[in-house]
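This report refers to the structure that appears directly beneath it.
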Amino acid sequence: MKAFRQLLRAVAAPLGAIALTLFLGFLLVASIADEPVLAYRELLFANFQSLGNFALFINRATPLALIAIGIVFAFRAGVFNVGGEGQLYLGAMAATVMGLALPGLPGFVLLPLCVFVGIAAGGFWGYIPAVLKVKLQVDEVVTTLMLNFVALLFTSYLVNHLLRDTTTYGAISWTLPESVWLPSIPGVPNATSAFLVAVVLAVLAWVLLFRTVWGSEVRAAGTNLRFAETVGVPAARRVIEAMIVSGGMAGLAGALYVLGTGHRFEQNFSPAYGLVALTVALLARVHPISALVTALFYALMLNGAAYMQIATDVPRSLVALLTGLLVLLMTARLRRQSSRH
Amino acid sequence: MDGSTAILTLQGIAKRFGDKEALKSVDLSVAPGEVHVVCGENGAGKSTLMNILAGIHQADAGTISLRGMPVSIPDPIAASRLGIGMVHQHFKLVPSMSVAENLYLGRNPRKYLVFSNRAEMERRAAELIARYRFDLDPRAPVGRLSVGQRQRVEILKALAFDAEILILDEPTAVLTPPEVGELLDVIANLRERGRTVLFITHKLREVKAVADHVSVLRHGESVGTHLAAEVSEADIARAMVGRQVFLSGRGADADKPRTFGPALLELENVSVSNASGRRLLDAVSLAVRAGEVVGIAGVDGNGQTELAEAIAGLLPIQAGTVRLNGRAITGTTVPERISAGLGFVPEDRLDRGLSPTMTIAENVAATNYRRAHLLRGGLVDPARRDAFAERAIREFDVRGAAPDRAIGQLSGGNMQKLVVAREMARRPRVLVVAQPTRGLDIGAAEFIHSRILEAADAGAAVLLISSELSEVLLLSDRIGVMYRGRMLAVLPRKQAEEERIGILMNGGEAQAA
Amino acid sequence: QEEFSTVYVMSDNLGDHGFNDSAAEGFNRAKEEGAKVRLLQASPSDPQLWRQNLEAVSNAGTYNVIFTGPNMHDNLAAVAPQHPEQKYVFFDDELAQPNVLSVKYAQNEGSYLAGTLAALAASDKASFPLSSGAKKVAVVAGMDLPIIQDFIMGFKQGAESAVPGTEVQVIFIGSFNDAQKAYDLTRTAISNGADVVYNVAGPAGLGILKAAADQNKYAIGVDSNQNDLHPKNVLASMLKQIGNSIYDSIKQVKSGTAPFGTLVIYGLKNDGVGLVLNDAIVPASAKAKVDEARAGVASGSVTVASAFAAK
Amino acid sequence: MDLVTLPAAVLEQTVPILLAALAAMITLRANILNVAVEGMMLVAAFTAIAVGDVTGNALYAFAAALVAACLVSQILAVITLRFGADFIVAGLGINILASGSILFLLERVYNSPGGLRPITFPDIWHLPAGALSFVPVLGPMLEGQSFIALLAILAIPASFVFLYRTPTGANLRATGEDEAAARSAGIRTDRMKALALLLSGVLAGLAGAQLAMDRLHFFLPEMSAGRGFIGLAATLFGAGTPWMTAAASLMFGFFGAVGDRLQAFALPSQFVLMLPYLAAVVGLTFARWRASTKGRPAAITETKV
Ligand SMILES: Nc1ncnc2c1ncn2[C@@H]1O[C@H](COP(=O)(O)OP(=O)(O)OP(=O)(O)O)[C@@H](O)[C@H]1O
Ligand SMILES: Nc1ncnc2c1ncn2[C@@H]1O[C@H](COP(=O)(O)OP(=O)(O)OP(=O)(O)O)[C@@H](O)[C@H]1O
Ligand SMILES: [Mg+2]
Ligand SMILES: [Mg+2]
């Protein structure tokens, strides 16, 4: 019950900002579009107008949620993981390579293998900056950021020169064998069942972080390293583990994207999901379950915006504007900060 | 003393933080050129009151009069213009900057209008240092200074702008005994120069040593001002706490025969060096028996911290053996030592002792998840954990605490109680306690003392490390003295006259070992 | 049927002075003739958004024909079969579906001409005064993508066949937006001796042209006619006649003659790609040689290599 | 590889990163991780082109770019300092807002969502060729550089002098290092942070103006291409000190320029383009490793009592 109230508080906090942004946005839309009400109806509800739209909404939220939940682990361990994008790409690439390398294996073997190597690749990409931080105090913001570029370029090389489907014009790999395609969510065709994984993992992440000794050790290491050491927490190990989980989650997001949505690796498949998920995690106040909720909300806005653009003459840029405003206002408090503390 | 001659008069000062009434109604009158001590329990509102005088907080009600004129003090600059300077309980220094830069922080002398005039700044700093005969290098970065030196920088910072009234908030809490002596001299010196000093302390000895007047705060109210010469330490303690306080320990009845069990904590020639090869512990040997309290005295920085950390498993031991309950634990990890029966109260609660942003429940549970059965099916059971914390809060009388509050919001004394509570909860066979009452009021200190003694009575071996010689003398059955990483002597309490310990602490009489 | 309406589901933005703007030109021509036209722009790295747009307009069912741009292969493959009544035109790639008309451009053929011209310019100091005659040319490309490789292969082949031994530097920016880097790289190429730089970099290509102009060397534009951006330096522009082909397709759909279910390739033969010369600085002799090359490809006597396998 | 033009190329690649890095450095010293440099750069670049287009005056365009970036920085200041928003979230928000607003203006006002390319655009002053031919190495490196590039170089010592040789700089550093200490010394820490953001705006404005005005004379969305973040990395690499930050920026510039030249060897472009990023990770690791094996200076025992 208490946990629920806590959660409610975490979720309720940004509601004011959302309302304010929506209001400001409405004024903006009204000043431009002829039918602001229609525009807003599309923005908020078009995602639920058809199963198809709903599926796309789910598909949008899934990678965001998975990466954001991962980032929560890193943050809780005191690591600022800006590397979600690179971890995502490597995870997607690893799953693709595995699926293309052993197409003969039965799906029930190959699919878990693909998922596993995806997680491993992302986790490895989280492990490097974590070790450098723990052993040599190398700033993780720099390393994770730089490793993003490395991962993007590396996967770009692979997809263009080794795995490319030469029958199409795109920078896309050969299609994965259908045996490893993830099924859709029952009843919602084309909605990736990876979303269910995200839901389960959000809850699992919450349990791990707040209901296990491991979680409390990670958080102790993240808030006061010397305290952690003193009370017998292997702090360095926990930080590294949390980063492996963090990278692994992003890698999983990539693998599940490939297996559930794209069915092959595509260069530029991510509109900066890593960075958006970072925002999502921060807006969710670093809580895994509210990260899931925030990811859903964010996806709602993103996809709703597209419908708004299609249905009315509201320009696409207005949406970016609204999103920016939303992010900007979401952590603002409407009261002046107390001057001490 | 009547208001007309007073340099500073406070009337009806009140202050609340949210729903917490920190100050209800405080009256205070301070004569020019006196040393006025303010005491009170932790959380009585002393710091809050002084912060109001220093312009850091604003009073909700009441008046402040300076030399008979009512004044308002909206910010620290205004306070300094009015001649009020404050040395904070928690140092307010910038570690990377030099002494001179810290002294003139926010008020750098300039040249060519826009540039800092370093030469001038360092010259003035040197002058100031010389005037008060401090031993400080104006160019040394503050981060490299010892605690006592930093304290002096803080004092100079207040004096740099000709503070007529100098406020010192618990300046002695972190000082070594010799440093305390020097500080008291400085205060006397200031009084001679006609400065008025407002001095907050929990150490009643100091009150007797320097104060002209002593005022007592309790629960945000002033409960009286006395001539220091006319009241005893016990009187002040009673006024503070509202009841009689007995400071008792084993030292007081050292003659009483005691029997101890087998040695539970044994150190044999333990040596520790730092990365650059300097010996921090030099072949230290020591044994603490079941039921015994062994106190370690010594000037801070002679290896006491390292001794505690080496036992706790936080420093790698290069040579020698540590045995706990007869079993060698030299190379084992912290959790292994904890499960072997070690309890450890580190010297700095905010550094190693706690994670301030985590909840009270989590902090108290940190070393107890498995032993105290806080898990169910491998998962943390929040109800059990909260109940566990609840029990600690009750047993240790931690005021204003609830399991789900961040522990950093508690006062220092209350935090300290919870650290001790956490370590005692396991009923450790060996308990290492460092600086257990630093910054605590006399009531809280008495309480912690009695818990430490109870642990020993129940059969634990207690190693007490304190820079407070009186505390060591009060509690210990035997007393070890450390000097430059070596254990110079371990004396039975009866042979440990204060004077002899003092000589040992300064490295004298090395052959006594 | 009252009003003819069409929509272009883009995987990119307008304003690139290239492919997208060229497409928009074609739509605008159709618009002037009374068609209702909608252009749905989208971020170039968001396949899910393209899918969303594609599904939304397909579900709407109000468009006579839906155009989609490059990179949409999988999305179209998923959506088109679900809307068998809906007609689609797929640009710059191919998809075998009865309701999809695929349109491809032989950018390798156009680039072949660009390579021919570049090599001529780089070797002939007399007719091309800004050139050193050192037989060095360069391609500055956006990202290492298949379609870009198609450009490069054609260009190399053209250069080699026009002036054997011409050295072709290939340099990638790693982005289609980073015009500053494009500028720097172009200067690098020129300082390495290149006299002619072929722009294959989308929006960032503006930086290539500017750098060539600042260094007073030659450049060849791409996708739309960029000759007058720097009239003294841009020798020619390799055009995919996207606008034209879109306009033609719309007409065909209107009149019911569009060959849905097939692939149409626009190459040099049917003027779907071409090289627009900047006549002010390209002398007639060079023009003649380019024309000769064009004729060779168009007649089939020369085959230009491609980065794409035939299906 | 052409070694004669390499120094100049290194300098040119370094300048925008350096300016972005200094922008992030100034706020880092006030304890703000400024992720909004990217957004400020874009706004400045756009403003420069838009104003230059209208006025035909390079100086107006330049000034407008700086003012615009400063305005953005102050929006960030208000939302964080006045309304307590988180610096990082709000900074990311500023970036989205900046690119959104620019796109909005491009679509609505200019009808050209892909960018803004005025037919003619006023050039800015560049150091004429041969002006410094008497100086070896440095001379050819600096010739042809714009006054913004020269300003960028000057910004290194200037920021050093500001931080370490002026009272305001000292106040700013104190604010970043220990806010409570600064406040008790009577420093208005919120104002210091706002000031840091303002200076950051000036520097990011320079970076944006350089990007748009120095060579290109047009604006493209996303033309900053992550330089704001690379700059942030350079600052963290340089531990927030001016010279080290400059050195880190130079390293990025160096590997960028060398990478460009390596493309001539027909290596796969991806691996060449990776070079600056790999160099950053390896370099940083190596630097920390050296520091740790040299024996850390005797631990400064920070008493937090
Ligand atoms: N910033 C604050 N916010 C909320 N409560 C505060 C704040 N500062 C002080 N308090 C409350 O005011 C009370 C008085 O605190 P104060 O620091 O003045 O005590 P003190 O007498 O200095 O105690 P100590 O002896 O431990 O230093 C405390 O109990 C605390 O709860
Ligand atoms: N963020 C906060 N919210 C509420 N109360 C606070 C907060 N920070 C501090 N306090 C209160 O302010 C008081 C003064 O804090 P301070 O850090 O001076 O501790 P203290 O009691 O003086 O410490 P010590 O016992 O070591 O002397 C504490 O009693 C604490 O309860
Ligand atoms: Mg206090
Ligand atoms: Mg206190």
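Using packing as a proxy for protection, rank C:229-239, B:61-71, B:231-241 so that the peptide with the highest average count of other Cβ atoms within 10 Å comes first. Please report the intermediate quantities before stating the final value.
Numbers: C:229-239: 22.3, B:61-71: 14.0, B:231-241: 17.3.
Result, highest mean Cβ count within 10 Å first: C:229-239, B:231-241, B:61-71.
Regarding chain A, what's the average projected area of the Cα-atom convex hull, expressed in nm²?
Numbers: hull surface 79.9 nm².
The number I arrive at for chain A is 20.0 nm².
Tell me what chain B gives for mean residue ellipticity at 222 nm when only DSSP H runs of n ≥ 4 count, each as -39,500 (n - 2.57), the sum divided by the residue total, rounded to 500 deg cm²/dmol. Walk me through the numbers on the way to the answer.
Details: 16 runs with 158 residues, N = 513.
Computed ellipticity for chain B at 222 nm equals -9000 deg cm²/dmol.
Give the accessible surface of the protein assembly as shown per residue, rounded to a whole number of Å², with probe radius 1.4 Å and ligands, DNA and RNA excluded. Display every interim value, and only then the final one.
On the way: 53260 Å² over 1470 residues.
Per-residue value: 36 Å².
Leaving ligands, DNA and RNA out of it, work out the accessible area of residue C:91 with a 1.4 Å probe and give it in Å² to the nearest 10.
My reading of the accessible area for residue C:91 is about 0 Å².
³J(HN,Hα) across segment B:108-120 via Karplus (A = 6.51, B = -1.76, C = 1.60, θ = phi - 60°), whole Hz, x for Gly/Pro?
3, x, 10, 9, 6, 6, 10, 8, 6, 9, 5, 4, 5
What is the packing order of peptides C:107-118, B:110-121, taking the mean over residues of other C-beta atoms within 10 Å and listing the highest first? Write down the numbers at each step before the final one.
Working: C:107-118: 31.3, B:110-121: 14.5.
Going from most to least packed, we get C:107-118, B:110-121.
Does segment B:201-249 classify as rounded, prolate or oblate by the C-alpha gyration tensor (a ≥ b ≥ c root eigenvalues; a/c under 1.5 gives rounded; else a/b over b/c gives prolate, otherwise oblate)?
It is oblate, given that a/c is not under 1.5 and a/b is not larger than b/c.
Considering only protein heavy atoms and a probe of 1.4 Å, how much of the accessible area of chain C is carbon and sulfur, as a whole percent?
Values: 5100 of 10240 Å².
The C+S portion of the solvent-accessible surface of chain C is 50 percent.
Counting only protein heavy atoms, what percent of the accessible surface of chain B is carbon or sulfur at a 1.4 Å probe? Could you put the intermediate results ahead of the total?
Details: 9910 of 20200 Å².
The C+S portion of the solvent-accessible surface of chain B is 49 percent.
Can you list the residues in segment A:218-236 whose accessible area drops by at least 40 Å² when all protein chains are present, compared with the chain alone? Use a 1.4 Å probe, heavy atoms only.
A:219, A:223, A:224, A:226, A:227, A:229, A:230, A:231, A:232
Starting from the Cα gyration tensor of the protein assembly as shown, multiply each eigenvalue by 5, take the square root, and state the resulting semi-axes largest first in whole Å. Mind showing how you got there, number by number?
Working: eigenvalues 936, 245, 179 Å².
For the protein assembly as shown, the semi-axes come out at 68, 35, 30 Å.
Hey, rough spin-label estimate for residue B:60 and residue C:309, points 7 angstrom out along Cα→Cβ, what's it come to in nanometres?
8.0
Need one value for A:132-139: mean number of C-beta atoms belonging to other chains within 10 Å of its residues' C-beta atoms. List each step's numbers first, then the result.
Values: counts 5, 1, 0, 4, 10, 3, 9, 7.
Mean shielding count: 5.
Ignoring everything except DSSP H segments at least 4 long, calculate the 222 nm mean residue ellipticity for chain C; use -39,500 (n - 2.57) per segment, divide by total residues, nearest 500.
Value at 222 nm, helices only, nearest 500: -12500 deg cm²/dmol.
Can you list the lysines whose alpha carbon sits under 17 Å from that of residue C:31, skipping same-chain ones fewer than 8 residues off?
Filter leaves C:251, C:254.
Put one equal scatterer on each alpha carbon of segment C:1-147, apply the Debye formula with no solvent term, and list log10 I(q)/I(0) at q = 0.13, 0.14 1/Å to two decimals.
-0.68, -0.74
Using protein chains only and a probe of 1.4 angstrom, how many square angstrom of residue B:276 are accessible, to the nearest 10?
Per-residue accessible area (residue B:276): approximately 80 Å².
Per-residue Cβ counts within 10 Å, from other chains only, averaged over A:161-174: what number is that? Can you show the working numbers first?
Numbers: counts 4, 0, 0, 6, 4, 7, 7, 13, 17, 12, 8, 5, 0, 0.
Mean partner-chain Cβ count within 10 Å for A:161-174: 6.
Tell me the volume per residue, in Å³, of the convex hull enclosing the alpha carbons of segment B:361-425.
Values: hull volume 4.5 nm³, N = 65.
For segment B:361-425, the hull spanned by Cα atoms encloses 70 Å³ per residue.
Return the long-range amide H neighbours of residue B:168 (sequence gap of 5 or more, or a different chain), with a cut-off of under 5 Å between placed amide H atoms.
Residues meeting the criterion, in which the H sits 1.01 Å from N, are B:87, B:198, B:199, B:200.
Hey, any idea what Rg/Rh is for chain C, computing Rh the Kirkwood way over Cα pairs? The partial results should precede the final answer.
Values: Rg = 19.6 Å, Rh = 19.7 Å.
We get a ratio of 1.00 for chain C.
Can you list the HN-Hα couplings for segment D:122-133, worked out from phi with the Karplus curve (6.51, -1.76, 1.60; θ = phi - 60°), rounded to whole Hz and with x for Gly and Pro?
Result, ordered by residue: x, 7, 9, 6, 10, 4, x, 4, x, 5, 10, 4 Hz.
Over 20 Å between C-alpha atoms is what I'm after, so list which of C:104/C:289; C:156/C:210; B:256/B:417; B:24/B:46; C:232/C:269 land there. Intermediate results must be reported in sequence, preceding the final value.
On the way: C:104/C:289 26 Å; C:156/C:210 23 Å; B:256/B:417 29 Å; B:24/B:46 12 Å; C:232/C:269 30 Å.
Check vs 20 Å cut-off fails for C:104/C:289; C:156/C:210; B:256/B:417; C:232/C:269.
For chain B, just the Cα atoms, rotate onto the principal axes and tell me the three extents in Å, largest first.
69, 49, 49
If packing is taken as the average count of other Cβ atoms within 10 Å, what order do B:330-342, B:494-506 fall into, highest mean first? All intermediate terms of the calculation are to be shown ahead of the outcome.
Values: B:330-342: 17.6, B:494-506: 16.1.
Highest to lowest by the protection proxy: B:330-342, B:494-506.
Anything losing 20 Å² or more of accessible area from the isolated chain to the full protein assembly: pick those residues out of segment D:97-124, probe 1.4 Å, ligands and DNA/RNA ignored.
Hits at the 20 Å² cut-off: D:97, D:100, D:103, D:104, D:107, D:108, D:113, D:114, D:117.
Quick check: from the Cα gyration tensor, does chain D come out rounded (a/c under 1.5), prolate or oblate?
Details: a/c = 1.66, a/b = 1.15, b/c = 1.44.
The shape class here is oblate.
Between residue B:7 and residues 5 or more places away or on another chain, which pairs have amide H atoms under 5 Å apart, with H built 1.01 Å from N, and which residues are they?
Excluding prolines and chain starts, which carry no amide H, the hits are B:30, B:31.
At R0 = 41 Å, how high is the FRET efficiency between residue D:131 and residue B:144 if r is their beta carbon distance? Nearest 0.05 is fine. Spell out each step's value before the answer.
Details: r = 48 Å, r/R0 = 1.16.
About 0.30, to the nearest 0.05.
So for segment A:14-118, Kirkwood radius off the Cα pairs, Stokes-Einstein at 20 °C and 1.002 mPa s: how many µm² s⁻¹? If you can, show how the numbers build up before the last one.
Details: Rh = 17.6 Å.
For these conditions, the coefficient is 122 µm²/s.
From the phi angles alone, apply the Karplus equation (6.51, -1.76, 1.60; θ = phi - 60°) to segment D:180-192 and give each ³J(HN,Hα) in whole Hz, x where the residue is Gly or Pro.
Once θ is set to phi - 60°, the couplings for segment D:180-192 become 5, 4, 4, 5, 5, 8, x, 7, 7, 5, 5, 5, 4 Hz.
Find the relative contact order for chain C and round it to a whole percent, using C-alpha pairs within less than 8 Å whose residues are 6+ positions apart.
Values: 711 pairs, mean separation 59.5, N = 311.
With pairs under 8 Å counted, the relative contact order is 19 percent.
May I ask for the accessible area buried between chains C and A, both sides summed, probe 1.4 Å, to the nearest 100 Å²?
Working: alone 12950 and 16270 Å², together 26210 Å².
That pair of chains buries around 3000 Å² in total.
For segment B:401-452 and segment D:173-234, what is the centre-to-centre distance using only Cα atoms, to the nearest Å?
Measuring centre to centre over Cα atoms gives 45 Å.
In segment A:2-338, carbon and sulfur make up what percent of the accessible area (probe 1.4 Å)?
Values: 7870 of 11260 Å².
Here carbon and sulfur together make up 70 percent of the probe-accessible area.
Measuring from centroid to centroid over Cα atoms, what is the spacing of segment C:3-76 and segment C:107-186 in Å?
31
Suppose accessible area is computed on protein heavy atoms with a 1.4 Å probe; arrange A:155, D:47 from highest to lowest. List each step's numbers first, then the result.
Working: A:155 0, D:47 25 Å².
Of A:155, D:47, the descending order of accessible area is D:47, A:155.
Using R₀ = 56 Å, calculate the FRET efficiency as 1/(1 + (r/R₀)^6) where r is the Cβ-Cβ separation of residue A:5 and residue B:283; round to 0.05. Intermediate values should be presented prior to the final figure.
Numbers: r = 57 Å, r/R0 = 1.02.
Given R0 = 56 Å and the Cβ-Cβ separation, E is 0.45.
If you take every DSSP beta bridge whose two residues both sit in the protein assembly as shown, what share of them, in percent to the nearest 5, is antiparallel? All intermediate terms of the calculation are to be shown ahead of the outcome.
On the way: 58 of 134 bridges.
Rounded to the nearest five, the antiparallel share is 45 percent.
Could you run the numbers on buried accessible area between B and D, total for both chains, 1.4 angstrom probe, in Å² to the nearest 100?
Values: alone 22390 and 15580 Å², together 35470 Å².
Buried area (both sides, nearest 100 Å²): 2500 Å².
Mean residue ellipticity at 222 nm from the helices of chain A, using -39,500 (n - 2.57) per DSSP H segment of n ≥ 4 over the full residue count, to the nearest 500 deg cm²/dmol?
Values: 14 runs with 243 residues, N = 341.
It lands at -24000 deg cm²/dmol.
With an 8 Å Cα cut-off and a minimum separation of 6 or more residues, compute the relative contact order for segment A:2-338 in percent. Present the calculation step by step, with values, prior to reporting the outcome.
Working: 594 pairs, mean separation 120.7, N = 337.
Relative contact order of segment A:2-338: 36 percent.
Just tell me how shielded C:138-146 is by partners: mean number of partner chain Cβ atoms within 10 Å of each residue's Cβ, no decimals.
Working: counts 2, 0, 1, 1, 0, 9, 12, 9, 11.
Per residue, the number of nearby Cβ atoms from other chains is 5 on average.
Of A:139, B:27, C:223, C:279, which has the most accessible area with a 1.4 Å probe, and how do the rest follow in descending order?
Numbers: A:139 45, B:27 75, C:223 20, C:279 100 Å².
I get C:279, B:27, A:139, C:223, largest accessible area first.
Which whole-angstrom value gives the distance between the alpha carbon centres of segment C:268-297 and segment A:177-227?
Each part's Cα centre sits 60 Å from the other's.
How many square angstrom of accessible surface are buried between D and A, both sides summed, with a 1.4 Å probe and rounding to 100? Show your work: numbers first, answer last.
Values: alone 15580 and 16270 Å², together 27770 Å².
Buried area between the two chains comes out at roughly 4100 Å².
Kindly give the semi-axes, whole Å and largest first, of the ellipsoid equivalent to segment B:3-241, taking each as the square root of 5 times a Cα gyration tensor eigenvalue.
Semi-axis lengths for segment B:3-241 are 30, 21, 16 Å.
Please calculate the 1.4 Å probe accessible area of residue B:451, with all protein chains present, and give it to the nearest 10 Å².
50
The values are calculated or read from the model by the stated rules, or taken from the named source; none is laboratory data. Not measured: the values here are computed from a predicted model. Neighbour counts are summed over all protein chains in view; Cβ atoms, including those assigned to glycine, are modelled from backbone coordinates with ideal geometry. Ligands, DNA and RNA are stripped out before the accessible areas are found, and what is left, the full protein with its side chains, is counted by its heavy atoms. Shrake-Rupley method; radii C 1.70, N 1.55, O 1.52, S 1.80 Å.
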